[in-house]
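K.L.:
A single structure is presented below for examination.
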Amino acid sequence: MNILVLRPSWKALDYALFDAGRRRPALVGKINERDCGRHGAFAPSDAFRRVLEACRKSHAPGAPELVGIRLTFGGEEFTEPALVTNAVLERLRGLAHQAPLHLPPALALIERCRESLPEMPIILVFETAFFVKLPLRERGYGMDAGVVQELGIRRYGYHGIFHETACKLASRLVGVRGTSSCRRVLSICLEPRPEIAAVIGRRPVMVTSGATPLEGLPGQTACGELDPGIVLHLARKLGWGPEQINQCLTGESGLAGLTGHRITLDGLFHDEWGPAIELARQVMRYRMLLACGAGVAAMGWVDAIVFSGRYFDLGEVLGPWLAGRLAVNGRSEAPEIPWTSLHEPLDRLIADQVAAAFAGRAVLTAVTE
Amino acid sequence: MNVLVFNCGSSSLKYRLIAMPGERELAGGEAQRVGPPTAEPSRIVHRIGGREESVFVPMPDHASAFGEVMKLLGMRQELRPDAVGHRMVHGGSRFKAHVLVEADTLPALVEINELAPLHNPPQTALVAACRERFPELPQVLVFDTAYHSTIPDYARTYALPAKLCSKLGLYKHGFHGTSHAYVASEAARFLGRKLDHLNAVSCHLGSGGASLCAIVGGQSVDNTMGYSPLQGLVMSTRCGDLDPALTLRLLARPGGGVKSVEGLLNRKSGVLGMSGSTADIRDVLAERARPGGADARAETAAQIYLWRLRKYLGAYLAVVGSADAVIFTDTIGETVPQVRQAVCSGMEAFGIDLDPERNANVKVYPADVATDDSLVRVLVILTNEELAIARCVHSLLMGSGPAGRKEDAA
C-alpha cells in the first residue's frame with residue numbers, strides 16, 4: 001500500500017511518499033511559506049495542494065492510497081493512532097485550545113485533505129500517545145490543584161514515535177556484554193529539541209519534556225529547563241510581556257543562545273570549536289547526564305541506552321560517555337551499560353504505525369522487519 | 001572568642017552565642033513574629049544555662065528584635081560578644097566567600113536585596129543596626145550562596161542568550177550552602193576521611209525550603225535551587241521546577257501580573273497548593289499512613305514531592321560518580337524516616353541499600369541507616385547553620401580563611 005506521510009507544523013509541511021514494500025521513500029520534501037508565495041502566514045492546508053502536485057509529477061510508481069498525518073499533540077484523548085472520522089475531528093477540535101499553535105493548522109490540513117481526496121483513508125498518529133499513561137507522580141507539578149485543573153496542566157513527552165520504536169530495538173541488545181534483559185531502557189531522542197525518556201517494558205515512567213516541549217533538555221533554539229524565577233525576573237526587570245519572553249525562550253535560546261549563532265546538535269558535537277561551543281557542548285552533555293541519572297532512579301536500574309532521532313549517530317559520541325558515567329555508581333567493576341541506535345527516520349516510523357493501524361494489527365515496527 | 005550568630009528569617013530572628021573554638025553554646029533563642037502585629041504577640045524564647053524563658057515584647061522590625069535580644073544578653077558580662085556572624089541568604093555575583101563587614105559592604109548588600117526579596121532585606125537591615133550599635137565589633141557575613149561558588153560553568157549556565165545572562169546575572173547561585181557545607185564536613189568526620197576526599201549528595205529537606213547538593217571532593221558541584229530559591233524540589237509552598245511555558249501562561253492569564261504569579265508560585269504552590277490543606281509534608285504522609293489512606297489531593301502531593309526528590313537524587317548520584325554517602329538533614333531529612341525510605345529504596349543501581357530498621361529507629365546523630373553491605377552510606381546528620389557560621393567567623397578572624405572551604409575534617 002502506498003502511504004503519504006504528512007508532518008504539519010506552524011511553519012512548514014513535511015511529506016514523504018512510501019511505495020508498498022520499500023523502506024525508503026519514493027518522494028520526500030518540505031513546503032514552507034516561501035514555496036506558497038506568502039510571508040508570515042503559512043498554512044499547511046495551502047501547502048497540501050503543492051504536495052499533491054509533487055506526488056503527481058514524481059516518478060513514484062503509485063499514487064497515495066493511504067494518508068498518515070503526524071500530530072505532536074493528542075492530549076489524553078488519543079492513546080493510539082486514529083482513523084479520521086467526523087467524531088475524531090470533533091474530539092480534536094475540543095483539544096485545540098491546549099495546543100493553539102499546532103492543532104488549528106493541523107485541523108485545517110486534515111479538512112483540506114478530506115476535501116481533496118474524499119475517498120482516501122486518513123490516519124492520525126500522535127507523539128504524545130505513548131506518554132498518556134505516565135504515572136501520576138511523573139505527570140504533575142507542585143502547583144495549586146485549582147490552577148492545574150483550570151488550565152488542564154499535565155506533563156507529556158513529544159517524541160513518542162521515536163521512543164516507542166527505540167525501546168523495541170533495545171531487545172536486540174540481549175546477550176550483548178552479558179545483558180539478559182532489556183526491559184529498563186533510557187531512550188535518548190536526538191532531535192532539534194532532544195528528549196530523554198525512561199521506559200520499563202513499553203511504559204514510560206519518566207520524560208524530560210513537560211506541559212510543553214519547552215521543558216527539559218535545551219534545544220537548538222529553546223532554553224529547556226529554567227528557574228521560574230528567571231521568567232518572572234525578565235518580566236519585572238525588562239518589562240517584557242509573555243510573547244516577548246516566549247520568543248526569547250523558544251527562538252533565541254538553547255544552543256543558539258549559548259553560542260551566539262544557529263547551530264545544530266550534530267554540528268555542536270562534530271564540526272565546530274571555540275570556547276562558547278565548548279561550553280554549550282558541556283552544558284548539553286551535563287543536562288543529558290542529569291536526565292539519565294533521574295531516569296535510572298525512576299526505573300531502579302538501567303539495562304540499555306538507545307539513541308534515535310535525526311542525529312542518532314551522535315550515539316557514537318554520547319553512548320560510551322553516558323554508559324561509563326552511569327555504570328553502577330561509577331564502580332569500576334560494574335559492567336558497562338550496552339547502547340545502540342535506531343537509524344530509521346521519523347517518516348518511516350510514521351508510515352509503519354499508519355500501515356499497522358490501518359491493517360488493524362498491533363503496531364509493527366521497523367526493527368522487526 | 002564569643003561569637004554571636006544571627007540567622008534572620010523573614011519574620012523571625014534566631015541567635016546563638018557560641019564560645020569558640022570550643023563550640024560551647026552560652027546562650028541562644030529565637031525572636032518570633034517579628035514585623036507587623038499578628039494574631040499572637042511577638043516574643044523572644046531565650047535559652048541560657050539549660051533554662052528557657054519567654055519574653056513578650058513588640059518587635060515591629062528586625063532592628064528592634066536585635067535591640068531586644070541584646071538587652072537579654074547584655075545583662076551579664078560573660079555574655080558579651082567579641083564578634084558577630086550573620087547568615088545571608090543571597091550573595092549574588094558580588095559575594096563569593098564570607099566577608100568582614102567594611103564601609104563599602106552595606107551599599108553592596110542593598111544592591112542585591114532584590115535577589116532574595118523575602119530574606120536579604122531584613123538581613124541587610126540587621127547588619128546595619130548591628131553596626132550602628134556596636135561599631136567596634138567585627139561582623140562577618142556568611143552567604144548561603146558562597147559554598148556553591150565552585151559549581152562549574154556548565155552546571156551554572158542556563159541555555160539562554162549569553163549576553164542576556166551576563167547583563168542580568170542569570171546564573172545558578174544555589175542556596176542552603178551553609179547547611180550543605182556543614183553536613184558535608186560532619187559526614188567526612190563521621191566517615192573518618194578528609195573533606196576534600198568526600199563525594200556525596202546532601203539532601204537539606206527543611207519544613208519550608210529544600211535543596212539537594214552534589215558534592216565532589218568536599219565542594220559543591222551542583223544545587224537543585226537555581227538563580228532563585230524557586231527552582232528544584234517541590235517545597236512546602238514553592239512549586240520547584242516548572243515548564244517555563246507554564247509560567248508564561250500564568251503571566252498571560254487575566255490578572256496574571258508578575259506579583260500575583262510570584263505569590264502563587266512562592267506561597268500557594270508546593271505541598272500546600274497540591275494538598276489544599278497543609279504545607280507540611282509530614283501531615284500529608286501521616287494522612288497517607290492512616291487506614292483508608294489520603295484523599296486524592298494529598299496522595300498526589302505525597303507522590304510528586306517524593307518522586308521529584310528521588311529523580312534529583314539519581315541525577316546527582318550520576319554526577320558525583322562514586323558517592324561515599326547520601327546525607328539527609330534539616331527538619332524533614334532528620335526526622336521523617338518515611339521520606340528517606342521512599343527516596344532510597346530500589347536505588348541499588350547507585351549502590352544504595354537502606355536498612356529499614358536502622359532508618360526507622362534513629363536515636364543518635366549522626367546515624368548511618370544503610371546496611372553494612374551498602375556501597376553508599378546513608379547518613380542522617382543534624383544541621384547546625386549557626387555553628388557553621390560561628391566556625392566561619394572564628395577562622396576568618398583568626399586568619400585561617402573561610403572555615404567551610406579549607407577545613408580538614410579528618
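The values are calculated or read from the model by the stated rules, or taken from the named source; none is laboratory data. Just so we're clear, the structure is a prediction, and the values are computed from it rather than from any experiment. Because the Cβ atoms are built from the backbone with ideal geometry, glycine has one as well, and the counts that use them run over all protein chains shown. Keep in mind that these areas ignore ligands, DNA and RNA; they rest on the heavy atoms of the full protein, side chains included. Shrake-Rupley method; radii C 1.70, N 1.55, O 1.52, S 1.80 Å.
K.L.:
In debye, nearest 20, what is the charge dipole magnitude of region A:3-126 about its Cα centre with +1 on Lys and Arg Cβ and -1 on Asp and Glu Cβ, if you could check?
P.N.:
That gives region A:3-126 a dipole magnitude of about 500 debye.
K.L.:
Something else: Roughly how many Å is it from the Cα centre of region B:56-72 to that of region B:346-391, as a whole number?
P.N.:
Value for the Cα centre distance between the two parts: 38 Å.
K.L.:
Let me know the shape class of region A:3-126, please: from the alpha-carbon gyration tensor, a ≥ b ≥ c as square roots of the eigenvalues, rounded when a/c is under 1.5, otherwise prolate if a/b is greater than b/c, or oblate.
P.N.:
Cα axes put region A:3-126 in the oblate bin.
K.L.:
Work out, step by step, the length gained on full extension between B:Ala289 and B:Lys96: first 0.36 nm times the residue separation, then minus their alpha carbon distance; give nm to one decimal.
P.N.:
65.1 nm
K.L.:
Once you sort the root eigenvalues of the Cα gyration tensor of chain B as a ≥ b ≥ c, which label holds: rounded (a/c under 1.5), prolate (a/b larger than b/c) or oblate (the other case)? Show your work: numbers first, answer last.
P.N.:
Values: a/c = 1.35, a/b = 1.21, b/c = 1.12.
In terms of gyration-tensor shape, rounded.
K.L.:
Quick one: which residues, 5+ away or cross-chain, put their amide H under 5 Å from the amide H of A:Leu71? H built at 1.01 Å from N.
P.N.:
Distant-sequence amide H within range of A:Leu71: A:Val125, A:Phe126, A:Glu127.
K.L.:
Regarding region B:2-143, what are the three Cα extents along the principal axes, ordered largest first, in Å?
P.N.:
Largest first, region B:2-143 extends 42, 40, 22 Å along its Cα principal axes.
K.L.:
Follow-up question, since we're still on this one. Extent of chain A along each principal axis, from alpha carbon coordinates, in Å, largest to smallest?
P.N.:
61, 57, 45
K.L.:
Just list whichever of A:Lys237/B:Lys268; B:Lys268/B:Lys311; B:Lys163/B:Lys259; A:Lys30/B:Lys311 have alpha carbons separated by over 28 Å in the model shown. Let's see the in-between values first.
P.N.:
Details: A:Lys237/B:Lys268 23 Å; B:Lys268/B:Lys311 23 Å; B:Lys163/B:Lys259 26 Å; A:Lys30/B:Lys311 39 Å.
The pairs that break the limit, which is 28 Å between Cα atoms, are A:Lys30/B:Lys311.
K.L.:
Where nothing but the Cβ of Lys and Arg (+1) and of Asp and Glu (-1) is charged, how large is the charge dipole of the protein assembly as shown around its Cα centre, in debye to the nearest 20?
P.N.:
780 debye
K.L.:
Which of the three applies to region A:177-341, rounded, prolate or oblate, going by the alpha-carbon gyration tensor with a ≥ b ≥ c and a/c under 1.5 meaning rounded?
P.N.:
Prolate, since a/c reaches 1.5 and a/b exceeds b/c.
K.L.:
Which of the GluC sites (Glu not before Pro) across region A:227-335 are loop residues per DSSP, with 11 or fewer other Cβ within 10 Å? Please report the intermediate quantities before stating the final value.
P.N.:
Numbers: sites: A:Glu243, A:Glu252, A:Glu272, A:Glu278, A:Glu316, A:Glu333; in loops: A:Glu252, A:Glu272, A:Glu333.
Sparse-neighbourhood loop GluC sites (Glu not before Pro): A:Glu333.
K.L.:
Related question: Taking each residue of B:261-274 in turn, how many C-beta atoms of other protein chains fall within 10 Å of its C-beta, and what is the average?
P.N.:
Mean shielding count: 4.
K.L.:
Another question, then. Per residue, how large is the accessible surface of chain B? Use a 1.4 angstrom probe and give square angstrom.
P.N.:
Accessible area per residue, chain B: 38 Å².
K.L.:
The protein assembly as shown: D in µm²/s via Stokes-Einstein (Kirkwood Rh, Cα pairs, 25 °C, 0.890 mPa s)?
P.N.:
Working: Rh = 28.0 Å.
The diffusion coefficient I find is 88 µm²/s.
K.L.:
Hey, another quick one. Which sequence of A:Glu225, B:Glu334 reflects their accessible areas, 1.4 Å probe, from the largest down?
P.N.:
Per-residue accessible area, sorted high to low, gives A:Glu225, B:Glu334.
K.L.:
In whole Å, what are the Cα extents of region B:192-385 along the three principal axes, biggest one first?
P.N.:
Largest first, region B:192-385 extends 57, 42, 31 Å along its Cα principal axes.
K.L.:
Now a separate question. Chains A and B: how much accessible area gets covered up at their contact, both sides added, probe 1.4 Å, in Å² to the nearest hundred?
P.N.:
6100 Å²
K.L.:
Using a 10 Å cut-off on Cβ to Cβ distances, tally the other chain neighbours for every residue of B:253-260 and report the average as a whole number.
P.N.:
Partner Cβ neighbours, averaged per residue: 2.
K.L.:
Per-residue ellipticity at 222 nm for the protein assembly as shown, helices alone: DSSP H runs ≥ 4 residues times -39500 (n - 2.57), over residue total, nearest 500 deg cm²/dmol?
P.N.:
Taking each H run of at least 4 residues, the total per residue is -11500 deg cm²/dmol.
K.L.:
Oh, and also: Can you give me the % of accessible surface on region A:3-126 that is carbon or sulfur? Probe 1.4 Å, all protein chains present, nothing else counted.
P.N.:
On the way: 3070 of 6170 Å².
Whole-percent figure for carbon plus sulfur exposure: 50.
K.L.:
Largest first, how would B:Glu102, B:Glu30, A:Glu138 line up by accessible area (1.4 Å probe)?
P.N.:
In descending accessible area the options line up as B:Glu102, B:Glu30, A:Glu138.
K.L.:
Hey, can you rank A:227-234, B:286-293, B:392-399, B:353-360 by average C-beta count inside 10 Å, highest first?
P.N.:
On the way: A:227-234: 25.0, B:286-293: 11.6, B:392-399: 19.9, B:353-360: 16.1.
Highest to lowest by the protection proxy: A:227-234, B:392-399, B:353-360, B:286-293.
K.L.:
Determine the order of A:Arg56, A:Arg183, B:Arg308 by accessible area, beginning with the largest, at a probe radius of 1.4 Å.
P.N.:
Result, largest first: A:Arg56, A:Arg183, B:Arg308.
K.L.:
For region A:3-126, what proportion of DSSP beta bridges, expressed in % and rounded to the nearest 5, is antiparallel?
P.N.:
Around 60 percent antiparallel, to the nearest 5.
K.L.:
So who's got an amide H within less than 5 Å of the one on A:Leu83, skipping anything under 5 residues away but keeping other chains? H placed 1.01 Å off N, in plane.
P.N.:
HN-HN under 5 Å from A:Leu83: A:Leu124.
K.L.:
Sticking with this one: Work out the mean other chain Cβ neighbour count within 10 Å for the residues of A:131-138 and drop it here as an integer.
P.N.:
Neighbouring Cβ atoms belonging to other protein chains average 3 per residue here.
K.L.:
OK, next. Taking the Cα centre of region B:2-143 as origin, sum charge times position over the Cβ atoms of Lys and Arg (+1) and Asp and Glu (-1), and report the length of that vector in debye to the nearest 20.
P.N.:
Roughly 260 debye, rounded to the nearest 20.
K.L.:
Quick one: 3J(HN,Hα) in Hz for region A:311-327, Karplus 6.51/-1.76/1.60 with θ = phi - 60°, rounded, Gly and Pro as x.
P.N.:
9, 4, 6, 5, x, 4, 8, 7, x, x, 5, 5, 4, x, 5, 8, 3
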